[in-house]
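Novice: Shown below is the structure under consideration.
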Amino acid sequence: MHDKWKLLSLLSDAAEAYELSHRTLSVLRALLTFLPERMITPAPHSAIVFPSNKTLSTRLNGMPESTIRRHISQLIKAGLVSRHDSANRKRFARVTRHVGQVAFGFDLSPLAREAEALDRHALAARHLAEKHAMLRAELAQLRQCLIVQHENHELIETAFRTLRRKPVTHDLEELCEQVKGVLETKKMSSPVSQNERHIQIEDKYISVSVERSQMILNKNDDDKLLSIVDKCKEYKNYFPSTPSNWHELVNIADRLTPMIGIERPVFEEAMRVMGVKRASTVILCILEKLGTIVNPGGYLRRLTQMARAGQLYIENMLNDGSAYA
């Protein structure tokens with residue numbers, strides 16, 4: 001048996017592998033809410049729900065029925081849902097004396113049968129996302145080094161435009177190598193005194209990258225994680241499963257940012273200044289008081305400025321919502 005919300009969380013991570021959009025996932029989430037049991041078994045026809053299109057539309061805040069049908073077709077095509085139709089294609093359940101309940105509608109048991117693959121795809125997606133985030137941070141830092149050494153180099157603008165888009169990992173790797181090549185060439189051709197300065201810049205960049213890597217991978221502060229998920233509850237409205245490690249919490253924060261109106265570059269700057277874990281914690285804190293924040297993106301920029309000046313106190317945010325000492 002498998003926890004339906006855990007499966008949905010894994011699928012959210014692995015959505016790209018199944019070519020599913022967030023709206024398609026929201027339809028699946030709605031279907032899961034019609035299943036009373038939290039646990040799903042892989043047995044065929046063991047998890048049938050039978051809501052009408054009108055009921056589904058109501059639960060999905062008025063999503064058009066034609067759109068619902070399209071998203072359900074995507075879920076069926078992906079092998080995560082199957083139809084168990086009655087003779088007239090109506091959805092209903094009937095209790096009989098000898099057979100028990102007979103239900104016709106959408107069978108969610110394929111989701112349970114896909115559990116192992118979901119886990120595998122989700123893990124691969126998380127690793128790729130972490131690598132992608134590291135490369136973006138690396139490119140941003142390399143760009144700063146390039147500005148110091150070459151004020152008008154064309155790669156400065158190229159890196160800026162790349163960071164504002166959603167580049168693929170390969171493009172980030174390639175651009176990082178190009179910038180490193182320019183920096184290395186400049187270093188080799190500079191006087192000794194300037195070389196020392198550039199080496200200091202490079203060392204600073206390396207230390208920042210190592211610190212960021214440790215920030216993601218270090219698991220020695222699990223007590224802080226437990227405290228955060230204990231005090232921040234609003235994220236459960238989007239992701240019901242409690243994160244069991246920092247990888248999962250960072251992933252939740254990363255997926256929440258566009259949902260609450262924060263642009264990707266703003267969150268990346270926060271991660272660069274605060275560190276990945278602290279920035280992710282701030283996102284959960286912002287979500288807690290979202291109803292009182294007019295501009296979440298501007299609010300995060302302000303918190304990032306405070307962090308840069310050493311004036312941000314996340315512990316206070318967790319305790320009473322205040323970012324100040």
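The values are calculated or read from the model by the stated rules, or taken from the named source; none is laboratory data. Nothing here was measured: the structure is a model prediction, and the numbers come from that model. Cβ sites come from the backbone with ideal geometry, for glycine too, and all protein chains shown count toward neighbours. Surface areas here come from the heavy atoms of the whole protein model, side chains and all, with no ligands, DNA or RNA. Shrake-Rupley method; radii C 1.70, N 1.55, O 1.52, S 1.80 Å.
Novice: Return the pair list, or none, for Cβ contacts closer than 8 Å from residues in region 1-24 that are open to solvent by 20 Å² or more (accessible area, probe 1.4 Å) to residues that are of a type in the set (D, E, K, R) and outside any helix (DSSP H, G or I), at least 6 apart or on different chains.
Specialist: Correct list of pairs: 3/38; 5/38.
Novice: Can you name every residue in region 83-116 that is open to solvent by 100 Å² or more (accessible area, probe 1.4 Å) and either within 24 Å of the chain's Cα centre (by Cα) or modelled with pLDDT of 90 or more (or both)?
Specialist: 113, 116
Novice: For region 48-60, which residues satisfy the criterion of being of a type outside the set (Lys, Arg) and at pLDDT 85 or above?
Specialist: Of everything in region 48-60, those that are of a type outside the set (Lys, Arg) and at pLDDT 85 or above turn out to be 48, 49, 51, 55, 56, 57, 58, 60.
Novice: Do you know which of the residues in region 300-320 that are modelled with pLDDT under 90 and surrounded by 19 or more Cβ atoms within 10 Å (Cβ to Cβ) is farthest from residue 231 (Cα to Cα)?
Specialist: 307
Novice: Taking region 303-319 on its own, how many of its residues are part of a helix (DSSP H, G or I) and more than 14 Å from residue 265 (Cα to Cα)?
Specialist: 11
Novice: Residues being at pLDDT 90 or above, farther than 19 Å from residue 248 by Cβ, hydrophobic (A, V, I, L, M, F, W, C) and touching a helix residue (DSSP H, G or I) at 6+ places or on another chain (Cβ under 7 Å): count how many of those fall in region 1-36.
Specialist: Residues that pass the stated criteria total 5.
Novice: If we keep just the residues of region 219-256 that are assigned to a loop (DSSP other than H, G, I, E, B) and open to solvent by less than 60 Å² (accessible area, probe 1.4 Å), which is modelled with the lowest pLDDT?
Specialist: 221
Novice: Something else about it: Restricting attention to region 39-74, which residues are part of a loop (DSSP other than H, G, I, E, B) and of a type in the set (A, V, I, L, M, F, W, C)?
Specialist: 43, 47, 50, 60, 63
Novice: Looking for whichever is modelled with pLDDT of 85 or more and either surrounded by 13 or more Cβ atoms within 10 Å (Cβ to Cβ) or small (Gly, Ala, Ser) (or both) here; the options are 142, 163, 80. Which one fits?
Specialist: Among 142, 163, 80, only 80 is modelled with pLDDT of 85 or more and either surrounded by 13 or more Cβ atoms within 10 Å (Cβ to Cβ) or small (Gly, Ala, Ser) (or both).
Novice: Separate question: Within the group 291, 297, which residue is open to solvent by 40 Å² or more (accessible area, probe 1.4 Å) and closer than 24 Å to residue 22 by Cα?
Specialist: Only one candidate passes the filter, namely 291.
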